[in-house]
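Quick notes on the structure that follows.
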Amino acid sequence: MKTSIVIIDDHQLFREGVKRILDFEPTFQVVAEGDDGEQAVALIEQHKPDVVIMDINMPNLNGIEATKQLIDTYPDTKVIILSIHDDESYVTHALKTGATGYLLKEMDADSLVEAVKVVAEGGSYLHPRVTHNLVKEFRRLAVASGQSGAAHSHLATEVRRPLHLLTRRECEVLQLLTDGRSNRGIGDDLYISEKTVKNHVSNILQKMNVNDRTQAVVVAIKNGWVEVR
């Protein structure tokens, strides 16, 4: 079974580029395209796709409002928001509305394909820089509120690497995921291939029993396994 996808973006050239990338993936099928939020609602009702890729800034009905309408009507709809904004306020608003993915428009092709696969399988996917910004906001709020207890102590004390669970190399990759590095960036930092990075990330997710990179980072922070910097 192919993953059916609807793309909603008011910039035709960008939309065509996204479609071209997705068309290269044999397990994907773009079933419809639209250029505003109002069209999105009608297209989802007609095609009932597995994944909707939705621009955040559109005329008539923006991506956030369109997502809210879709989720209210079709609770199982999986929406990936496309945006130029990496500010955590945009991200948290999108996630609260019901989106399960958030990508910056500067993404590379691999990130787009990975995001669709993760979201289609029931996980969530955030652009690496967005993840990093959310981590920084988590630290800021924790320190500002003077939290006591586990979460605050993890931010203030020496990091305890999960060597009982992960290899040393996997711990390094997990830290770089928390830092907001992409697979390519992690490979450059560790002088390993992008394919090797993907293998490490897959092993980390399996060993940590989580569905995606974002969940891995959240669990790592809560357990004090990574440095929040």
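The values are calculated or read from the model by the stated rules, or taken from the named source; none is laboratory data. Computed from a predicted structure; not experimentally measured. As a convention, Cβ positions derive from the backbone with ideal geometry for all residues, glycine included, and neighbour counts pool all protein chains shown. SASA here: full protein model, heavy atoms, side chains in, ligands and nucleic acids out. Shrake-Rupley method; radii C 1.70, N 1.55, O 1.52, S 1.80 Å.
The condition of being out of contact with any strand residue (DSSP E or B) (no Cβ under 9 Å at 6 or more places or on another chain), under 30 Å from Leu205 (Cα atoms), touching a residue at least 24 places away in the same chain (Cβ under 8 Å) and of a type in the set (Gly, Ala, Ser) holds for only one of Ala94, Ala99, Ala115, Ala109, that being Ala109.
For region 4-30, the tally of residues that are touching a strand residue (DSSP E or B) at 6+ places or on another chain (Cβ under 8 Å), surrounded by 16 or more Cβ atoms within 10 Å (Cβ to Cβ) and within 16 Å of Ala120 (Cβ to Cβ) stands at 8.
Taking the criterion of being touching a residue at least 60 places away in the same chain (Cβ under 8 Å), in contact with a helix residue (DSSP H, G or I) (Cβ under 9 Å, 6 or more places away or on another chain) and open to solvent by 20 Å² or more (accessible area, probe 1.4 Å), would at least one residue in region 49-60 satisfy it? Checked region 49-60: at least one residue is touching a residue at least 60 places away in the same chain (Cβ under 8 Å), in contact with a helix residue (DSSP H, G or I) (Cβ under 9 Å, 6 or more places away or on another chain) and open to solvent by 20 Å² or more (accessible area, probe 1.4 Å). When Val113, Val119 are screened for being crowded, with 18+ Cβ neighbours inside 10 Å, at pLDDT 85 or above, assigned to a helix (DSSP H, G or I) and not aromatic (Phe, Trp, Tyr), only Val119 passes.
Take the conditions modelled with pLDDT under 80 and at positive phi and apply them to Gly149. Does it pass? Yes.
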